[in-house]
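Have a look at the structure below before the remarks.
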Amino acid sequence: MYDVAIIGAGPAGASAALFTAKAGKKTMLIDNGKSLTKKAWIENHYGVEGIEGPALVDIGIKQATKQGSEFLEESVVNISKDGDAFTIETENNKVAAKHVVIASGVLTDVADKVGLTLVPGTEPRIKTIIKTDSDGKTNIDGIWAAGTVAGVSVHTIITAGHGAHVAINIVSEINGERYVDHDILQS
């Protein structure tokens, strides 16, 4: 069983997976390969002079897997509660996890199917989002949302930061104390 399963490997999802895996939480990152970011050219991402969206997504997945996250490229078709955990059903697999992060960009079909509260989006061209609190929690305990699907700006730098924010909150909840991730240069 995974501590965290993350649906969507765009900037929000991959960032969340990077943080949860680096914190030692058993993490599964699931993506359908259809990220909105894969259609973008990005020149407003801090620390990056310019990058094609597909390359940014690939780097994010590589960073998350380098830290120990597993990666599954399939579409999620359902999420169901199974005792104190969740079963995430993909086209060909089932993944069990204690926490689920939905970071599916503009897609809310699975969120709707599982019974998450959806509200109108506020970003241009984003019709529907998942209602969350300021930590990223949804109306179903154990399911979180991050990035555009949680109502933050579609800009990659913002969704990546939001994914990290939600991941830190999950790790803090699992650990029972506030988690901070800082690395220091070695001389």
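The values are calculated or read from the model by the stated rules, or taken from the named source; none is laboratory data. Just so it is clear, the structure is predicted and the values come from calculations on it, not from any experiment. All Cβ positions, glycine included, derive from the backbone under ideal geometry; neighbour counts span all protein chains shown.
Criterion first (among the β-branched types (Val, Ile, Thr), assigned to a loop (DSSP other than H, G, I, E, B) and more than 27 Å from Lys38 (Cβ to Cβ)) does Val180 satisfy it? Even if it seems obvious, please write down each step before you answer.
On the way: among the β-branched types (Val, Ile, Thr): yes; assigned to a loop (DSSP other than H, G, I, E, B): yes; more than 27 Å from Lys38 (Cβ to Cβ): yes.
So Val180 fits the description; yes.
Using beta carbons and a limit of 7 Å, which pairs, at least six apart or on different chains, have the first residue in the range 165-177 and touching a residue at least 24 places away in the same chain (Cβ under 8 Å) and the second one surrounded by fewer than 17 Cβ atoms within 10 Å (Cβ to Cβ)?
Asn169/Asp135
Thr132 is checked against (1) touching a residue at least 24 places away in the same chain (Cβ under 8 Å); (2) polar (S, T, N, Q); (3) surrounded by 21 or more Cβ atoms within 10 Å (Cβ to Cβ) and fails just one. What number does that condition carry?
Answer for Thr132: the failing condition is (1).
Being among the charged types (D, E, K, R) and surrounded by 14 or more Cβ atoms within 10 Å (Cβ to Cβ), is that true of even one residue in the range 75-89?
Yes: one or more hits.
Take Thr156 and decide whether it is at pLDDT below 95, over 20 Å from Asp3 (Cα atoms) and surrounded by 15 or more Cβ atoms within 10 Å (Cβ to Cβ). Before the answer, list the steps.
Working: at pLDDT below 95: yes; over 20 Å from Asp3 (Cα atoms): yes; surrounded by 15 or more Cβ atoms within 10 Å (Cβ to Cβ): yes.
For Thr156, the condition - at pLDDT below 95, over 20 Å from Asp3 (Cα atoms) and surrounded by 15 or more Cβ atoms within 10 Å (Cβ to Cβ) - is met.
If you go through the range 100-118 one residue at a time, how many are outside any loop (DSSP other than H, G, I, E, B) and free of Cβ contacts under 8 Å to residues at least 24 places away in the same chain? Show your work before the answer.
At the first step, the residues of the range 100-118 found to be outside any loop (DSSP other than H, G, I, E, B) are 100-102, 109-114, 118.
If we keep only those that are free of Cβ contacts under 8 Å to residues at least 24 places away in the same chain too, we end up with 109, 112, 118.
So the count comes out to 3.
Among the residues of the range 21-51, what is the count of those that are over 21 Å from Asn78 (Cβ atoms) and either touching an Asp or Glu at 6+ places or on another chain (Cβ under 7 Å) or not hydroxyl-bearing (Ser, Thr, Tyr) (or both)?
Looking only at the range 21-51, we keep the residues that are over 21 Å from Asn78 (Cβ atoms), and these are 21-26, 36-51.
Filter again for either touching an Asp or Glu at 6+ places or on another chain (Cβ under 7 Å) or not hydroxyl-bearing (Ser, Thr, Tyr) (or both), leaving 21-26, 36, 38-45, 47-51.
Number of matching residues: 20.
If you take just the strands (runs of 3 or more DSSP E) that sit entirely in the range 1-82, which of them hold at least 3 residues that are in contact with a Lys or Arg (Cβ under 7 Å, 6 or more places away or on another chain) and touching a residue at least 24 places away in the same chain (Cβ under 8 Å)?
It comes to 2-7.
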